[in-house]
1. Mind checking the stretch 167-221 for trypsin sites (Lys or Arg not before Pro) that DSSP puts in a loop (not H, G, I, E or B) and that have at most 13 other Cβ atoms within 10 Å?
2. May I ask you to compute the full-extension gain from Asn162 to Lys139, defined as 0.36 nm times their residue separation minus their alpha-carbon distance, rounded to one decimal in nm?
3. For the chain, what does -39500 (n - 2.57) per DSSP helix run (n ≥ 4), summed and divided by total residues, give at 222 nm, in deg cm²/dmol to the nearest 500?
4. Please give the FRET efficiency for Ala219 paired with Lys64, using the beta carbon to beta carbon distance and R0 = 22 Å, rounded to the nearest 0.05.
5. Going 7 Å from the Cα of Asp112 along its beta-carbon direction, which residues of the stretch 132-152 have the amide nitrogen within less than 14 Å of the resulting point?
6. Taking only the alpha carbons of the stretch 64-220, what extent do you get along each of the three principal axes, in Å, biggest first?
7. When each pair of different Cα atoms in the stretch 86-162 is counted once in the 1/r mean, what is the Kirkwood radius in angstroms, to one decimal?
8. Would you mind getting me the FRET efficiency between Lys154 and Lys206? Use the beta-carbon distance for r and R0 = 25 Å, nearest 0.05.
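Quick note: the coordinates plus some simple rules give every number you see, no bench work behind them. Treat the numbers as computed from the prediction; the structure is a model and nothing was measured. A quick note on method: Cβ atoms are made from the backbone with ideal geometry, for glycine too, and the neighbour counts reach across all protein chains shown.
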Amino acid sequence: MKEYKRMKSIIKLCCATGLLLGLFSCKNTSQSNLPIYGEREAVEKTVDGKQVIDTVYHTIPAFKFLNQDSAMISEKDFEGKVYIANFFFTHCPSICPTMNRNLLKIYTQYKDNDAVRFLSHSIDFKYDQPYVLKDYANKLGVSNDHWQFVSGTKADIYGIANQYLVYTAEDKNAPGGYDHQGYLVLIDKDKRIRGAYDGTNDEQVKKLMEDLPKLLNEAKN
């Protein structure tokens, strides 16, 4: 856990300085665009009969999860959308209430914007069944399907968390029995990670609210 958090700090430092560190990289394509998080790979391809080197960035892979309405959703429901993802559980006594209240502020502002979606993954695969997630969403104040709350198997949920670069784990010594990071992860329409913000930190949530319209503007171009 400490080592993983240390790596997250390195990633953030990488984005702040424009350096490439270890296996992870952040690419800022212009001064106005947000950085791109994650591993990247140089690949060779043919363009106009010439061999050129292109960069392939880390992307969120395909997924299928059951949502709060007992419907199966997948990455196809987020195609062409900018979205914010996080990881929580409904009976979380520590960071989740603050994190999701802060996410609610952003949802309230963008809930009628068809270009924006929200995706909350429950890491409690034992308790958080669809009807539990539905009750949680209703109490939180979610009024449409632009914010999805999903559950799945331990392997699927924890596996996708790794793809978002978010730490999640069962831990009997942690509050509520689960340990996880409270990042709000900003994903672009090409499924790339463009930011990770501490959902319990007001300044970082403010930064997310500043970065979201930048990414939406980038998506239009």
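1. Lys172
2. Result: 5.4 nm gained on full extension.
3. Details: 5 runs with 71 residues, N = 221.
Using -39500 (n - 2.57) per qualifying helix, the result is -10500 deg cm²/dmol.
4. Working: r = 24 Å, r/R0 = 1.11.
FRET efficiency, Ala219 to Lys64: 0.35.
5. Zone members listed by number: 143-144.
6. 44, 33, 29
7. 12.8 Å
8. Taking R0 as 25 Å, the efficiency between Lys154 and Lys206 is 0.15.
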